[in-house]
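Only one structure is covered here, and it is reproduced in the block below.
The values are calculated or read from the model by the stated rules, or taken from the named source; none is laboratory data. As the structure is a prediction and not an experimental result, all values here were calculated from the model. Cβ coordinates were reconstructed from backbone atoms using ideal geometry, including for glycine residues, and neighbour counts include every protein chain displayed.
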Amino acid sequence: MDTNKLNTIYRSRYLLTGLILITSCSLYAQERKTNKPDSSFNELGRNFNKLTATSHKKELSLNEAIALARQQNKWIETAKMEELASREDKKDARLAALPQLQINASYQRFSKLAVFKDGLGDVSSMNRYPTANQANAGIEGAFTIYGGGRINELQLEQSIKSDLASLNTQDQTGNISLQTAAYYLDLMRLNDLKKFITDQEKRAELRLKNINAFYRNQKVTRSDVLRAEVMLSNVSLNLIQTENDISITSQKLEVLLNLPKYTGILTTDTFDRIKPQLLALSALLDTRGETAFSVLKADKTIGLQQSRLNLVKSNNLPALSFFTAYGLNYPNYLLSPPTDQLYAIGFVGIKAQYNISSLYHNKAKKAAAKWRLEGAKIQKESVLDNTQQEIESYYIKYMEALNRIDVNEKSIKQAEANYKITSTKYFNQLALLTDLLDADYLFQESRFNLIKAQADAIMIYYRMLYAAGKL
């Protein structure tokens, strides 16, 4: 096949594709009564937005939202419950060092005594001497004088577990605060985004109106009208999507704050108002990660493993305890012959014991506890290194975000001026519609990039706060 035939086939295909595209756009434009998308799904979305719009609105700043999350969040409340339970375990370990006291009482009624002679052939019965009744009641006590340090180590272990539960509560609180800040900043970003898209929609409507006027005066082609309508439809869809995202993010924030459903969060802060200073980030950088929740928990884990090692070692030590008892008994078997009478007697004593088998039973246990202790120390070093690197990375990213903010602020002014110039050129027949739409997109994108950079900068600061254990 020669080159001319190939060119003819390609031109035919391009012409057919163009006709299909123009026809589709024409049919789409005829079906739309207005220049905004309208479907059953959009109708459902509008009804849902009406439902949420009728709800009670609550105005909150970022700090107020974080404080409310700390007070009302269910996950934080659960962590506090576990902390309270751990404190009770700590009290229980202390009470174990107190003397053990118990009261005993019993009564028995014996049957007659069967006496056999010559195997089981000759049997006779007789009453139990001196009585068929037997009873006793008394009190017993025991106190560990020395147990090889086991009681102290058990108390120390429960104390460390209580501290770990407290750190878990602080960590959970910081994590929820970080999530609250993320949703709040995202809600701020979406609200600003909605304003920008609304402005873009107004520009698109005005642009379409002017282009229709130009089309009626035969100054532009039908293609420009169709492109302007498609542009307006896309902007309207973006606006609907942003409104839905605002509703979803607000609901997520309501769950974190444990607020009634469809409360509706109204953000009162602005990005400029809550912009952190470099001095605050420098102070977080100076902590070197030593106050991070993960590092503090790793340090407590070392103490816990050391306590467990000492507990294993205590099994190789002797134990010394004091014990006593006093009670009433019936009948009296201390006399000979036994007497049918009630008597009272008590005693005090000291008991010493040593488990010889601990010399070989605890050998492997002690070695395992030592290895776990060394592993906990290495784990702390690793956690500290990772935390330091994470904090330094956030600091670098924050400086990068500040630079992005400066660049985007300049880009907005340049993009806005470019849009005005291109718009003037287009309506003076000196530029194409494609150039005008590109200029509008560039202006809108520069505004989006600015609020994204501002939200990212503040979010980096809160991530740095959490990484340093200060949130």
(Q) Regarding region 166-184, can at least one residue be identified that is aromatic (Phe, Trp, Tyr) and not in a helix (DSSP H, G or I)? (A) no
(Q) Suppose we filter region 79-102 for residues that are hydroxyl-bearing (Ser, Thr, Tyr) and farther than 26 Å from Gln172 by Cα; how many remain? (A) 0
**Q.** Qualifying residues in region 367-404 (those that are of a type in the set (A, V, I, L, M) and surrounded by fewer than 18 Cβ atoms within 10 Å (Cβ to Cβ)) - the one nearest to Asn449 (Cα to Cα)
**A.** Leu402
Q.
Quick check on region 202-218: of everything there that is charged (D, E, K, R) and either within 55 Å of the chain's Cα centre (by Cα) or not in a helix (DSSP H, G or I) (or both), which residue is farthest from Phe443 (Cα to Cα)?
A. Lys209
Q.
Can you pull out every residue in region 142-167 that is among the small types (Gly, Ala, Ser) and at pLDDT 90 or above?
A. Ser159, Ser162, Ala165, Ser166
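Yes/no per residue for (1) of a type in the set (Gly, Ala, Ser); (2) touching a Leu at 6+ places or on another chain (Cβ under 7 Å); (3) surrounded by 11 or more Cβ atoms within 10 Å (Cβ to Cβ):
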site	(1), (2), (3)
Trp75	no, no, yes
Arg94	no, no, yes
Arg109	no, no, no
Glu153	no, yes, yes
**Q.** Candidate set: region 410-425, residues that are surrounded by 14 or more Cβ atoms within 10 Å (Cβ to Cβ) and of a type outside the set (A, V, I, L, M); chosen: the one farthest from the chain's Cα centre (by Cα)
**A.** Lys425
Q: Kindly provide the set of residues from region 420-464 that are aromatic (Phe, Trp, Tyr) and closer than 24 Å to Asn234 by Cβ, ordered by number.
A: Tyr426, Phe427, Tyr441, Phe443, Phe448
Q) When both residues are 6+ apart or on different chains and their Cβ atoms are under 6 Å apart, which pairs have a first residue that lies in region 82-94 and is among the polar types (S, T, N, Q), and a second that is in a helix (DSSP H, G or I)? A) Ser86/Lys161; Ser86/Ser162; Ser86/Ala165
Q: For region 311-337, enumerate the residues that are over 30 Å from Asn133 (Cβ atoms) and not in a helix (DSSP H, G or I).
A: Asn315, Asn316, Leu317, Pro318, Ala319, Leu320, Ser321, Phe322
Q | Candidates Ser61, Ser86 - the one that is surrounded by 11 or more Cβ atoms within 10 Å (Cβ to Cβ), polar (S, T, N, Q) and either under 30 Å from Thr263 (Cβ atoms) or at pLDDT below 55 (or both) | A | Ser61
Q) Residues in region 219-229: is at least one out of contact with any helix residue (DSSP H, G or I) (no Cβ under 7 Å at 6 or more places or on another chain), outside any helix (DSSP H, G or I) and touching a residue at least 24 places away in the same chain (Cβ under 8 Å)? A) yes
**Q.** Lone qualifier among Lys380, Lys397, Lys410 - being of a type in the set (Lys, Arg), more than 30 Å from Arg203 (Cα to Cα) and out of contact with any Ser or Thr (no Cβ under 8 Å at 6 or more places or on another chain)
**A.** Lys397
Q. When you scan region 278-310, how many residues do you find that are in a helix (DSSP H, G or I) and acidic (Asp, Glu)?
A. 2
